[in-house]
Every structure is written in C-alpha cells, then in structure tokens.
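Only the coordinates and a few stated rules stand behind these numbers; no lab work does. All values reported here derive from a predicted model rather than from experimental measurement. Every residue, glycine among them, receives a Cβ derived from its backbone with ideal geometry; neighbour counts consider all protein chains shown.
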Amino acid sequence: MAFMIEIANMYIEAFIIGLLYGFSLCTSSCLPYVASYIAAVGADFRKGIFITLTYNVGRVTSYAVVGILASFLSSIFRVMLSESLIFNFQNYASYAFGAITIAIGINILLKSKSTPNCVMDVKNALNKHVGKIDTYAFLLGFGRGFIICPPLAMLILYAITFGSPIDGSLIPIIFGVGTAISPILPLGGVTGWLLNKAPLFRRKLSIIGSIVLILLGIASLLNTILV
C-alpha cells in the first residue's frame, strides 16, 4: 500500500511540476516557434488552437520516447544515466531540432513566394484535414521535446530508479500533459485570431513567419555550437 501511495504521489508531483513549468519557461520557449508557424500557414483562431494542440502532442510523444529509452538503457543494458549523458543527448537533439525548424521554414517560404495563393491553399488544407495530424506542427513539437529541460531530466533520473519502463514513460507523459495545460494553448489561438484580422497582409505574414522559423532554427544551431 505504501508503495502505491508513493507511486501516486510521484505522478501527482510530475503533473504539478509540469503545470508550474508550463506557466513559465515552457510557454516562453515554445511560443515563438508555434506563433511563427501559425503566421506562416495563415491559421485563424480555431486552426491556431489545433496547431498548438498538435505541437503539444508531438512534444509529449518525444517525452515518452525519452522516458522509455532511459528506462531500457538503465534496466536492461545497465547504462549509467547521468546529467552529463543527458546534456550530450540534448546537444544532438538541438542540432536536429534546428535543422527541422529551418527545413520547415524554407519549405513554407518557397511555397509562399512561388504561389500567391499559398496561404489560402494551406488554410483550405487545414480545413479539409481538421482532426488529422498537422505533420509540420507535430515535427516541431516532437523535435523540441527531445531538448530535455532540467525538470524533465530530474524526473527521468528519478523514474529510472524504479526500474520499470512503464514508470519511465508515464512520468514524462504526465509532466508533458502538465506543461500542455498552460497559456501556450490559448495564446496559439489568439495569435491566429489576431493575424487573421489582417487578410490583406496574409502573404507577407506567411513570408515573415517562415523567415522567423528559419532564424529560430539557426539560433538553435548557433546556441548549441557556441555554448
């Protein structure tokens, strides 16, 4: 019984930590990518919410993958996980995320420059595929999630002491759900709503959004190289 209470408390603790982190650093670090992508594809309020949700799904998915990998490496392969190992993994993840962000930005930029109705085409595609995964938004969240934040690293190192892949994946997922319940969700919708109020500038906003995505990707790469 004491063991079950301890596990329950651990899950609650992971959720609370995620909630607190989501209302602070998580929103400030993720919103620039989400807002830029929303601007790039010309989403409105509803699509902005959908994109933000998809981004968060991608992020939580990568948290689960990291947790499962950490549990298997420590319990089956007896790999000693440490902060330095997580830091090295984070560096490689930053390179990958920067490359993904740049690629998405370039793709949207080329389409917006070559096709005058690119933004409307993207909006129509989003209308047609509501309920399905927006691949770019998912990839942005999935890539970002592998850049392990300090609270998640702490929870992963704590979870692997139980030696269970289930705990190793559930704790990061619960943490991720906590971070997802944050201002980033309504802010994503508000961003789409505000940008949708300027229909004459949709193409320019799409170009600006895609350029900002490229710059954010470059900044991620430079930050990893220089730090």
**OP:** Grab the Cα-Cα distance for LEU200 and PHE87, subtract it from 0.36 nm times how many residues apart they are, and report the gain in nm with one decimal.
**Re:** 36.2 nm
**OP:** Normalising by the residue count of the range 2-226, find the relative contact order in percent from Cα pairs under 8 Å and 6+ residues apart.
**Re:** 48 percent
Original post:
Taking the Cα centre of the range 2-226 as the origin and placing charges on Cβ (Lys, Arg +1; Asp, Glu -1), which of ILE174, SER24, LEU81 is farthest toward the positive end of the dipole?
Top reply: SER24
**OP:** Calculate the dipole size of the range 2-226 relative to its Cα centre from +1 charges on Lys and Arg beta carbons and -1 charges on Asp and Glu beta carbons; express the result in debye to the nearest 20.
**Re:** 1100 debye
**OP:** Have a look at PHE97, LEU155, LEU200 and report the one farthest towards the positive end of the charge dipole of the range 2-226, computed about the Cα centre with Cβ charges (Lys/Arg +1, Asp/Glu -1).
**Re:** LEU200
**OP:** Provide Rg and Dmax in Å for the range 2-226, with only Cα atoms included in the calculation.
**Re:** 18.6, 64
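I need the fraction of alpha carbon pairs in the range 6-63 separated by more than 20 Å, rounded to a whole percent.
Tail fraction, whole percent: 36.
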**OP:** Would you kindly state how much longer the chain becomes between LYS113 and LEU20 on full extension, computed as 0.36 nm times their sequence separation minus their alpha carbon distance, in nm to one decimal?
**Re:** 29.4 nm
